[in-house]
Amino acid sequence: MIAGYYNPNERWINLLNVTRRFILSITLTLGLLAGSALPFLPVTSVYADADTAVSNKQNFSTDVIYQIFTDRFLDGDPSNNPSGEAYDASCTNLKLYCGGDWQGLINKINDNYFTDLGITALWISQPVENIHTVINYSGVNSTSYHGYWARDFKTTNPYFGSMTDFQNLIQAAHAKGIKVIIDFAPNHTSPAMETNTSFAENGKLYDNGALLGGYTNDTKGYFHHYGGSDFSSLENGIYKNLYDLADLNHNNSTIDQYFKDAIKLWLDMGVDGIRVDAVKHMPEGWQKSWMSSIYDYKPVFTFGEWFLGSSASDADNTRFANTSGMSLLDFRFTHEVRNVFRNNSSTMYALDSMINSTAAEYAQVNDQVTFIDNHDMDRFKTNTVNNRHLEQALVFTLTSRGVPAIYYGTEQ
């Protein structure tokens with residue numbers, strides 16, 4: 001999303017967008033009805049359009065995103081799996097690594113899984129190195145399989161692959177006309193305790209293998225030390241820890257430059273987009289500065305996560321989407337769609353009201369990312385929700401405004 005961006009062909013693009021996404025929604029629906037793992041309608045030709053080309057890295061309004069938790073998708077290279085108690089080959093302990101990696105994604109790209117599904121962009125887990133420690137929370141072992149416990153933003157998670165593997169992923173995706181979006185979480189490092197340096201890895205931050213500092217004895221002021229947030233105000237959530245995650249001080253010049261340099265590394269690898277974690281919990285001024293550095297270097301479509309509850313409408317959320325330089329995951333859209341199609345707790349009138357109000361409030365409403373579920377909530381489809389309701393929600397999402405994101409596995 002670029003502030004002030006206007007496409008003179010927007011009405012035609014929106015019509016084409018609805019058409020291609022309607023075909024995708026029918027494809028998904030038929031796949032669900034047939035119980036097949038793959039949709040069986042050829043849709044590749046519908047996507048042969050410059051608006052979804054990998055050379056277009058800023059306007060995703062005609063793309064369809066597929067969100068993947070890398071560790072949970074496909075193990076393409078067993079040699080990079082964790083050893084010891086961090087790994088569960090059966091994937092029954094869902095807090096441990098299962099083995100999914102970038103080679104697994106490459107395999108599915110090359111066998112046209114995503115192309116046949118009509119997907120034009122893959123949103124993958126944060127690719128950076130995470131802590132290797134297994135943390136015991138109340139007798140339950142937990143790992144960083146999700147990618148949100150970073151230790152070095154300039155190297156890869158070895159359990160996903162090497163820099164060469166990541167480059168191969170980008171090349172394989174681009175060869176099929178598919179963009180790659182990386183998750184990125186500059187708000188924090190990993191779980192830490194101020195008074196217990198032996199807990200986890202003490203939130204330590206590394207710069208391409210060289211230690212910058214840890215959470216305890218933080219003499220250079222790389223972290224905030226105000227305790228955990230109670231989320232009572234916007235400032236409370238920004239300057240206090242998000243749960244027990246070591247909260248980074250973006251006003252520190254070293255941290256500021258570190259993240260501007262780190263994101264350039266991934267931009268140089270050829271990524272087409274960035275999903276930014278926890279934007280509600282970082283200083284808005286710093287995020288504007290960070291986005292400005294991205295636009296000055298290699299601008300790509302960027303959207304953030306400003307989490308909203310099921311009935312929330314937040315003026316700060318709207319202001320951020322309009323002024324920060326990045327779009328947002330559209331939680332208002334999500335919750336209303338779930339209320340209508342999943343829970344039957346709301347009406348079509350409320351759905352219409354949400355569409356109209358967000359169109360009026362978001363300056364670039366077509367750049368907000370719409371979805372029906374993701375990793376921060378229970379799946380839309382449960383034992384109490386039938387396929388028909390899922391199909392209706394998908395059709396509505398894929399033929400509405402915005403950039404639709406489908407959570408991995410929904411097509412199953």
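The values are calculated or read from the model by the stated rules, or taken from the named source; none is laboratory data. On a predicted model such as this, the values are computed, not experimentally measured, just so you know. Areas reflect the complete protein model, heavy atoms only, side chains present, ligands, DNA and RNA absent. Shrake-Rupley method; radii C 1.70, N 1.55, O 1.52, S 1.80 Å.
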Note on the range 222-300: C-alpha Rg/Rh, Kirkwood Rh, two decimals, gives 1.00
When the chain is treated as a Gaussian network with springs between alpha carbons less than 10 Å apart, the largest mean-square fluctuation among Gln392, Gln364, Gln257 is found at Gln257
Quarter of the surface of the C-alpha convex hull for the range 84-126, i.e. direction-averaged projected area in nm², equals 4.1 nm²
The percentage of the accessible area of the chain (probe 1.4 Å, all protein chains present) made up of carbon and sulfur atoms, to the nearest whole number, is 52 percent
Here the tail fraction of P(r) beyond 19 Å, over all Cα-Cα pairs of the range 162-310, rounds in percent to 57 percent
Taking N as the residue count of the range 258-306, its alpha carbon Rg divided by 2.2 N^0.38 Å gives 1.07
Hydrodynamic calc, the range 326-383: Kirkwood Rh from Cα pairs, then Stokes-Einstein at 25 °C with viscosity 0.890 mPa s, so D in µm² s⁻¹ is 203 µm²/s
Per the Kirkwood formula over distinct C-alpha pairs, the hydrodynamic radius of the chain in angstrom is 21.9 Å
Counting only DSSP beta bridges fully inside the chain, the antiparallel percentage to nearest 5 is 35 percent
So the pair-distance distribution of the range 56-155, from every Cα-Cα distance in 10 Å bins, comes to percents of 14, 41, 30, 13, 2
GNM of the chain, Cα pairs under 10 angstrom: of Gly209, Gly237, Gly177, the biggest fluctuation goes to Gly209
Largest first and rounded to whole Å, the semi-axes √(5λ) derived from the alpha carbon gyration tensor of the range 119-209 read 29, 13, 11
With the 1.4 Å probe rolled over protein heavy atoms, the chain has an accessible area per residue in Å² of 39 Å²
Largest first and rounded to whole Å, the semi-axes √(5λ) derived from the alpha carbon gyration tensor of the range 263-397 read 30, 17, 12
One computes Rg over Rh for the range 286-342 from alpha-carbon atoms, with the Kirkwood Rh, and obtains 1.09
